[in-house]
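J.: Quick one: the structure is below, questions incoming.
Since every read-out is calculated from the coordinates, none of them should be taken as a lab result. Since the model is a prediction, treat every value here as computed from it, not as a measurement. Here the Cβ positions follow ideal geometry from the backbone for every residue, glycine too, while neighbour counts run over all protein chains shown.
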Amino acid sequence: MSARIGSSWARSILENLEALAIAVVMALVLKYFLIEAYKIPTGSMQPTIMGDSTTGVFDRVLVNKLVYFFREPRRFEVIVFKNPLYQRQNYIKRLVAFGGERLTIRNGDLWVSRNPQEEASVQRKPDSVWRSVRKRIWPLENGQSLRQFLEIEGDAQIQGDEIRFSGQESRHCQVRNTRPIVDGYYDGYHPLLVNGSGRSHATDHHGDGNAVGDIEISAVLTPGANAGIVVAIAESDRVHELRIDSRQETSIVATGLRDPNARIQNERIVFKGESPSLRPGKKTRFSFRNVDDELVLVVDGEEIVRHQYLSAGVDLRFETLFSIAVEGEARVENLRVYRDIHYLPTGERQNLQQATYVVPEGHLFALGDNTQNSSDSRAWETVTFRWKEMKDGKEIVREEVGNHYKGGALNPDTNPRAVRDTTLFRNIFGQLHTIPGDRVLGHFANQEIASYNSLPGEMLLGKALAVFWPLRPFSPVWRLKWVR
């Protein structure tokens, strides 16, 4: 009997050890070949993906490491890769260009061509990506009144979240924005993350921001029996209009250039036809979008118009204005205004209007959604560092390449970095060298620096799938979502 018990006990231990070994192997297979979880340490993809030390919100993201074995990466996907200039560090950015392409960042948009002679084309984000990256700017989710950013002309009243137009059929009244639409740094952040850290959306909009031309307006509209309604987006020299005539139950989308009186010249009618939802007395949800040189009209969830136009030679010389003008009676509720990512040419606030990058074959170009504060392909630089050291009793010159990062003397990521009488230098493989100051060749600040504006394809690790953490009550906001 005791022998059988001992044998059963030993077999149980072996079975458990076998199960544990299989579990460990499966976990390693999942981690290295299928799916891995990453903690986001920085804010380069905010507010799409958070990594913020001030608020304490650090997203955990699941990454599909197998997908690119079966297909090529696609533009605007969120990718995870090894930092080519510090290969112990993983980055997460949005893929925007491929090898052999010339990427131009101009007026906040992305333009791509294959050679200098080819006319560049604007890169349009898929709808799912647009819905993920759009930034709600007015009104915010903290009870702001529409009166804070709209001015009234004629017989219109703002009551809470509602605008009532009560003019006569022949009389014109409108509301329009009073604040310029600029790339406010905290646009798109949840109010609990902004206000709870002492930041302010309101003051953020009064800085020297860049004019943003790509916006979306959505609202619930109830036209009167004899209402004529015009929703307009004035983008520099161009005007885009949605015209609604409840008398004939028709809608028109038009785009064209404007004269100094803001009337459309050289007008192009994009769509003219019946829109059954826009009927007198009936509440209708509409969305009118001008993003990436494309007009999109959606009525009650149904796409009515999608029209692409070209503004390659147009600069954002004027503030972007939007307005809702009415002849007759109408009611507008749940008005929302969103803006697009306004990509900066170099990742720094300056007056440079555009910059062009040539992506080598076999490489990729990646940008952060937080275009004002992202260490991405626009700003990568190498530094070739040289110093003297002793080897086998002889003095030799050592030369290595590392990531050139300017973060200040107290920032541990700064490379190279002076600390008292020594220099700390980290090469691209992450190896850290501590070099006495008198052994450095040349002046510390005059090392050989070169641009490195692309990502070698072999550094690609996978595609971001979803944010699975944090959740309430462990975080002030709910972060569970798919990554688009």
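J.: I want to check the label-to-label distance for E118 and Q353. Put each point 7 Å from Cα in the C-beta direction and report it in nm to one decimal.
T.: Simple spin-label model gives 2.5 nm for this pair.
J.: Taking R0 as 56 Å, what's the FRET efficiency between T178 and L66 from their Cβ-Cβ distance, rounded to 0.05?
T.: 0.65
J.: How do F288, F468 rank when sorted from fewest to most other Cβ atoms within 10 Å of their own Cβ?
T.: So the ranking, lowest neighbour count to highest, is F468, F288.
J.: Once you wrap a convex hull around the alpha carbon atoms of region 69-132, what is its projected area averaged over all directions, in nm²?
T.: 6.2
J.: Okay, moving on. Expressed in whole Å with the largest first, what are the equivalent ellipsoid semi-axes of region 324-453 derived from the C-alpha gyration tensor as the square root of 5 times each eigenvalue?
T.: Result for region 324-453: semi-axes of 48, 16, 12 Å.
J.: Averaged across orientations, what area in nm² does the convex hull of the alpha carbons in region 381-451 project?
T.: The directionally averaged projection comes out at 4.8 nm².
J.: For the pair T250 and V477, how long in nm is the line joining their label points, each one 7 Å along Cα→Cβ?
T.: With each label point 7 Å from Cα toward Cβ, the separation is 4.4 nm.
J.: Can you sort D392, D245, D421 by how many other beta carbons sit within 10 Å, fewest first?
T.: D392, D421, D245
J.: For region 86-124, which trypsin sites (Lys or Arg not before Pro) are in a loop by DSSP, counting at most 16 other Cβ atoms within 10 Å?
T.: R114
J.: Of the listed pairs K125/K463; K282/K481; K39/K388; K65/K406; K125/K272; K93/K406, which have alpha-carbon separations greater than 29 Å here?
T.: K282/K481; K39/K388; K65/K406
J.: Cut-off is 10 Å between beta-carbons; in what order do W138, W111, W482 appear when sorted fewest neighbours first?
T.: W482, W111, W138
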